[in-house]
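The values are calculated or read from the model by the stated rules, or taken from the named source; none is laboratory data. In this text the structure is predicted, and so the values were computed from the model without any measurement. Cβ: placed from backbone, ideal geometry, glycine included. Neighbour counts: every protein chain shown.
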2 protein chains.
Amino acid sequence: MTRANAGTKGVPRADRELQIVRAACEVFGTVGFGRASVAAIAADAGISKPLVYQYFGSKEGLFLASFNYGAETLAAEMERVAADDSVGLERGLRTLDGLFRMLEPQPWLWRLLFDPTAPDDGEVATARTVYTDRITRLAIEGVGELMQLVGDDDPLDASALTAVWMSAVDALIAWWLDHPGVTPAEMTGRCHRLITALSGAAVPADLPS
Amino acid sequence: MTRANAGTKGVPRADRELQIVRAACEVFGTVGFGRASVAAIAADAGISKPLVYQYFGSKEGLFLASFNYGAETLAAEMERVAADDSVGLERGLRTLDGLFRMLEPQPWLWRLLFDPTAPDDGEVATARTVYTDRITRLAIEGVGELMQLVGDDDPLDASALTAVWMSAVDALIAWWLDHPGVTPAEMTGRCHRLITALSGAAVPADLPS
DNA sequence: TTGCGGTAACTTACTCGAAGGTCATATCCC
DNA sequence: GGGATATGACCTTCGAGTAAGTTACCGCAA
């Protein structure tokens, strides 16, 4: 009886893995890969650290599983919106609306996708490339439509605007998370007003000297 | 002679401190506070770790000095631009232009300001609040002018648009850093075209359901 | 039904390395 | 000689990863 608490609890591996991944998503997405500790995640999930290692091999392996879980959720939602026939800024607005609704119960998933403290090599880098490409493809597609409407065909312009767009999405989600109590519908309305404001503002005539 | 390399090199403290802070800015701004090691910074600066502790007390103290150094540089530049009489998007464009020129020789200063792995309490938090407020004040001022031009007086809208603006600046700088060889003047031209593109795009008529 | 071996599930208690921080000492300028 | 400048070697803490053992479930033979 040296290890009083040892022995199986009768929970099948698949169930435990999901349970651990969900706890890991919240921790990784909240404090980031760098600050997260495997022991803390295990405690959150209600099991011990070695079980995490038995199932996921390493901290990086656990992050990989969590990342895939979260990224798949988000990518699927964005592709769903992209399948509509809206274009230009309206398509952007619909994407935002879908994200707000999806993230309401699990806002940390978004941070998971763009965690700057995550490993930048190995399988994690591969997975991030896969999902970033998948999401960026949608953004590039949307931005490309917008640029075509306006008559700008510089590919670097499109690349830069894609970066700005994704960053704006990030900022709006971060702002939303900082203002609890604002519903997804209200946020979508706010985004609509902001787009209107930007479009209504006068364009500067020339460049600074 | 057990410590062969010991003894003063005749460098006054103020000079060494500046030398260390400059090395620290580059490391902190490149890999972030979390991943940076004091030993590596000391090596970069060409001195030993205990000297860093003698002069700055702790890793956090070193970061604080570096942060103040970098943030002051950036805040001063932005205030210089804000003193002009341009308004709306033109003011935004001039701010971007000033930042590109300022950051060209030391791009890492920007990352220093928004390092998510920096400590979020103590003196560092205080300093960040001071500089964030100082910079955000400028952004809010600029956004406020724009919102007034357009007729939107919702303070939360202004708050959110400020967040989006600062994030867009961040994205443009990050994009620029990923595309070496692009001059500040070219970047400013690109930003001008992007603003034009956004303003020219049709505003969506209504909200998603 | 009962007993029993094999396997999957699970834990305590450890090792090990990296990095923050300190101590005692050495050298040089005035 | 005294104080400022400087360092090699050390201590300490924290967290990733591991070794080895414990318990429960399950199929199957008697």
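Okay, residues lined up against (1) over 16 Å from A:R111 (Cβ atoms); (2) away from chain B (no Cβ under 14 Å); (3) away from DNA strand C (no atom under 13 Å from the Cβ):
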position: A:I41; (1), (2), (3): no, yes, no
position: A:K49; (1), (2), (3): yes, yes, no
position: A:F56; (1), (2), (3): yes, yes, no
position: A:F63; (1), (2), (3): no, yes, yes
position: A:S66; (1), (2), (3): no, yes, yes
position: A:G70; (1), (2), (3): no, yes, yes
position: A:A75; (1), (2), (3): no, yes, yes
position: A:V87; (1), (2), (3): yes, no, yes
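Just name the residue that is surrounded by the most Cβ atoms within 10 Å (Cβ to Cβ) out of those in the stretch A:29-52 that are farther than 25 Å from A:A174 by Cα and out of contact with any helix residue (DSSP H, G or I) (no Cβ under 8 Å at 6 or more places or on another chain). Before you say what the answer is, go through the steps one by one.
Taking the stretch A:29-52 first, the residues farther than 25 Å from A:A174 by Cα are A:38-39, A:42-43, A:45-52.
With out of contact with any helix residue (DSSP H, G or I) (no Cβ under 8 Å at 6 or more places or on another chain) added as a condition, the list becomes A:43, A:50.
Numbers: A:A43: 14, A:P50: 10.
Per the stated criteria, the residue is A:A43.
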Residue check: is B:F28 aromatic (F, W, Y), more than 10 Å from DNA strand D (Cβ to nearest atom) and away from chain A (no Cβ under 14 Å)?
no
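Please indicate, with yes or no, whether at least one residue in the stretch A:39-59 is among the polar types (S, T, N, Q) and in a helix (DSSP H, G or I). Steps first, answer last, please.
Residues of the stretch A:39-59 among the polar types (S, T, N, Q): A:48, A:54, A:58.
From the residues that got through so far, the ones that are in a helix (DSSP H, G or I) too are A:54.
Checked the stretch A:39-59: at least one residue is among the polar types (S, T, N, Q) and in a helix (DSSP H, G or I).
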Here are the criteria: (1) in contact with a Pro (Cβ under 7 Å, 6 or more places away or on another chain); (2) more than 30 Å from B:V31 (Cα to Cα). Tell me which single one A:E60 does not satisfy.
(2)
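Let me confirm something: among A:G122, A:G142, A:G181, which residue is farther than 30 Å from A:S58 by Cβ, surrounded by fewer than 17 Cβ atoms within 10 Å (Cβ to Cβ) and either without any contact (Cβ under 8 Å) to a residue 40 or more places away in the chain or more than 10 Å from every other protein chain (Cβ to nearest Cβ) (or both)?
Details: A:G122 fails: farther than 30 Å from A:S58 by Cβ; A:G142 fails: surrounded by fewer than 17 Cβ atoms within 10 Å (Cβ to Cβ).
The conditions single out A:G181.
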Restricting the first residue to the stretch B:39-63 and requiring it to be near DNA strand D (Cβ under 8 Å from one of its atoms), which pairs with a second residue that is polar (S, T, N, Q) meet a Cβ separation below 9 Å and a spacing of at least six or different chains?
B:A42/B:S48; B:G46/B:Q19; B:I47/B:Q19; B:S48/B:N5
Neighbours by Cβ (under 7 Å, 6+ apart or cross-chain): first from the stretch B:1-15, within 14 Å of chain A (Cβ to nearest Cβ); second more than 6 Å from DNA strand D (Cβ to nearest atom) and at pLDDT 95 or above
none
